[in-house]
Amino acid sequence: MTAKPVDANNHHKISALGEKVLGGGRITHDEAMFLFNLESSADILDLLAWANRLREHYKGNKIHLCSIVNAKAGACSENCSFCSQSSHYQTGSPKYGFVDPEPVAEAAEEANKNSVTAVGLVAAWKGLNEGPLLDEICDRVREMKVAGKTRPDVSLGIIKSQRIADRLKEAGVECYGHNLESSRRFFPQTCTTHTFDDRLETIGYLKKAGIKICSGGIIGMGETREDRCDLAFELKAIGANVVPVNILNPIPGTPFAQNAPLPVMEILKTIACFRFILPRQEIMIAGGRTVNLRDAQSMIFMAGASALMVGNYLTTLNQPVEKDLQMLKDLGLDPNWDSHDFTDQETSVCGCGETNREAETELTAVK
């Protein structure tokens, strides 16, 4: 990152785009790429200041906290290149079957004590089919719903029928985690045992069932800045409600084990660009936060983040929840987020299979 004075032309362009989004307008793919390609620290700090202003305008000082429970670990049939739980790689990751009710209830209770809005049940497998396992998952969700401690979310992989999505909705699932991971162009570098379109199909079933979508991706896998930009526009087109930005934490034994870490300012710039493209969405910083950002973690909110995954991740540790809560307090941010219905977000421009002309225009721009 070069140490240059503020470029007056860049300053005016960043400000004009900030004003445009602040006024309810949308930036184009070309405008977004201008932001993604900013190089100097001065220009990036200028961008962050605007991203912070957009976050404050659209999201106030509320921060959405969520956590996850690894409900079924390891031995996954998929070959996702970033994942230690894939059966294709030797990583020493723990393996166990679907968890009993008690650990899930304990996780929800602990989350409630720490102002965590949602607890997601996450399972390492290709996807979910009809049968006893779906029945058990629905039971866990109903138990969490009745307890009323936190919102029961799930992330259960590929769904191949509308009936499964409808049953999850009937059980009480409000939000389903299903990352696109990266751009359509880069996706084959991350996985070959299922496709980008498989993921879009799953999201289509979920949206038709009335389930909100938590979908984002991972940066630092070797993708280009344009791939990150394309991902953000894909997420806008599918109407993602929560957008998790994960930063690759290279796991020994996986194909991405030797990937060089992204510079901190590149990470923060990416978050800011997502805020410009997705001004009303919850942008959540999730996996890889502590190892990649270290002492700069608090800057994610200046970069436009409005949500945070707390507690431990699937197979790696996070910093203590108490430390995250103190960080929010020090910054004057409020973790008591209560907008469970996502009513402050812009309407989706497509229905994943029912794409209207506006969505087709946006998607054409990123392909």
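Remarks
- Loop-resident sites, segment 169-214, for trypsin sites (Lys or Arg not before Pro), counting at most 16 other Cβ within 10 Å (DSSP): 185
- Counting other Cβ atoms within 10 Å as a rough exposure proxy, the listed residues 183, 41, 115 run 41, 115, 183 from fewest neighbours to most.
- Pairwise FRET efficiency - residue 295 versus residue 143, Cβ, R0 = 45 Å, nearest 0.05: 0.70
- Distance from segment 158-178 to segment 208-284 (C-alpha centre basis), Å: 23
- With the simple model of a label 7 Å out from the Cα in the direction of the Cβ, residue 34 to residue 330 spans 3.6 nm.
- With R₀ fixed at 51 Å, the C-beta to C-beta distance from residue 201 to residue 41 puts the FRET efficiency at about 0.75.
- Proximal charge balance of residue 276 [Cβ under 10 Å; K/R count +1, D/E count -1]: +2
- Inter-site label distance for residue 162 and residue 130 at 7 Å from Cα along Cβ, in nm: 1.4
- Residue 319 versus residue 260: modelled label distance in nm, points set 7 Å from Cα along the beta carbon direction: 2.6
Just so you know, all these numbers are worked out from the coordinates, no wet-lab data involved. Since the model is a prediction, treat every value here as computed from it, not as a measurement. Don't worry about glycine lacking a Cβ; one is built from the backbone with ideal geometry, like all the others, and counts go over all protein chains shown.
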